[in-house]
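The values are calculated or read from the model by the stated rules, or taken from the named source; none is laboratory data. All values derive from a computational prediction rather than experimental measurement. Cβ: placed from backbone, ideal geometry, glycine included. Neighbour counts: every protein chain shown.
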Amino acid sequence: MLKPEQVTQFQQQGYLVVDDFISPHQRHTLMQHAADLIEAFEPPEKRSIFTTDEQERSSDDYFLKSANNVSFFFEEKAIDADGNFTVAKQRSINKIGHAQHALDPVYKAMVHALNFNALGMELGIEKPVAVQSMHIFKQPSIGGEVGLHQDSTFLYTQPKSCIGFWLALEDATVENGCLQAIPGGHTIALKQRFRLAKDGGTTFETLDDSPWPEHALEMLEVSAGTLIILHGQLPHYSAANTSSRSRQAFTLHLVDDACDYPKDNWLQPIRSAP
């Protein structure tokens, strides 16, 4: 599915941009299905917010159970101090995750049709297995910043094998919070592990406390339908959405089933799912 020069580019830069990977019909199918899921969703009294600061990531029961569920997380600015919505329900959702690739027939069929496993194998994964999926909305005006991070922090294997596949369902621009990445940054040591704590909840374990290198982030402005492939150690970031347009994306993360997947990873995937 990839040309040799694309594989080389991924190995050198830690990311790869593939234009026109998904058709307009496929994009609209996913966006309409997400809208239908949100419409049917009844918000619980206690609403789980996806915090924009990775250091404050929620680790409540709802978040932890989302590893094996299709769960809904709210934008921080969508709910006021009293727990009331500041925007309509359809505009309040930050993301849906983290197991729709295994549990939801529409997402499951799309993942199969796009053959992410073949891509993973071409990029060096011996036994690819999907462990996490997300439909990210980056809502107009309130879509929060996501701090500089490495995906292997949250999906750790030994040796490290995580690869992220980020599909632009809408145009991603500087104004609506496109991805930004450090070219070649996948050679930087993994800074942290996000794992289950012995006394309950979750914790960040420091692996390397050296500061991030002072490299300029490259803006990955892409058109709808583009796939961005991200090495698990690549530091990447997205700014808040200050525009009037959303920036929907679907993401899937693969790891290598030939590697050790620790039992204290926060996300324990559905191992029986094909």
| request: Give me the pairs, please: first residue somewhere in the range 65-88 and exposed (fewer than 12 other Cβ atoms within 10 Å of the Cβ), second residue anywhere and of a type in the set (Val, Ile, Thr), beta-carbon distance under 6 Å, and either six or more positions apart or on two chains. | output: Asp80/Thr86
| message | Restricting to the range 194-216, give me the number of residues that are in contact (Cβ under 8 Å) with a residue 60 or more places away in the chain and either assigned to a strand (DSSP E or B) or more than 26 Å from Tyr62 (Cα to Cα) (or both). | response | 6
| said: Considering only residues that are surrounded by fewer than 24 Cβ atoms within 10 Å (Cβ to Cβ) and within 20 Å of Leu230 (Cβ to Cβ), which ones fall in the range 100-115? | reply: Met110, Val111, Leu114, Asn115
| task | Evaluate the following for Leu190: is it within 18 Å of His253 (Cβ to Cβ), assigned to a loop (DSSP other than H, G, I, E, B), touching a residue at least 24 places away in the same chain (Cβ under 8 Å) and touching a Cys at 6+ places or on another chain (Cβ under 8 Å)? | result | no
| field | Flag for Ser243 being out of contact with any Lys or Arg (no Cβ under 6 Å at 6 or more places or on another chain), buried (at least 16 other Cβ atoms within 10 Å of the Cβ) and more than 24 Å from Gly120 (Cβ to Cβ) | value | yes
| task | Tell me which residues, restricted to the range 85-110, are under 18 Å from Ala67 (Cβ atoms) and touching a strand residue (DSSP E or B) at 6+ places or on another chain (Cβ under 6 Å). | result | Asn94, Lys95, Ile96, Gly97, His98, Gln100, His101, Leu103, Asp104
| Does Gly143 satisfy the criteria of being buried (at least 23 other Cβ atoms within 10 Å of the Cβ), over 21 Å from Ser23 (Cβ atoms), at pLDDT 95 or above and in contact with an Asp or Glu (Cβ under 9 Å, 6 or more places away or on another chain)? | yes
| request: Kindly establish whether Thr251 is at pLDDT below 95 and in contact with a Ser or Thr (Cβ under 7 Å, 6 or more places away or on another chain). | output: no
| Before we move on, is Glu42 of a type outside the set (Val, Ile, Thr), farther than 21 Å from Thr251 by Cα and modelled with pLDDT of 95 or more? | no
| query | Across the range 1-28, what is the total count of residues that are part of a helix (DSSP H, G or I) and crowded, with 17+ Cβ neighbours inside 10 Å? | reply | 4
| note | The number of residues in the range 247-262 that are surrounded by fewer than 21 Cβ atoms within 10 Å (Cβ to Cβ) and part of a loop (DSSP other than H, G, I, E, B) is 5
| request: Being more than 20 Å from Leu196 (Cα to Cα), among the hydroxyl-bearing types (Ser, Thr, Tyr) and at pLDDT below 95 narrows it down to one of Thr86, Thr51, so name that one. | output: Thr86
| task | Might you check whether a residue that is under 22 Å from Met110 (Cα atoms), acidic (Asp, Glu) and touching a residue at least 24 places away in the same chain (Cβ under 8 Å) occurs anywhere in the range 156-177? | result | yes
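Just give me the residues in the range 212-235 being of a type outside the set (A, V, I, L, M) and in contact with a helix residue (DSSP H, G or I) (Cβ under 8 Å, 6 or more places away or on another chain), in sequence order.
Hits for the range 212-235 are Pro213, His215, Gly225, His231, Gly232, Gln233, Pro235.
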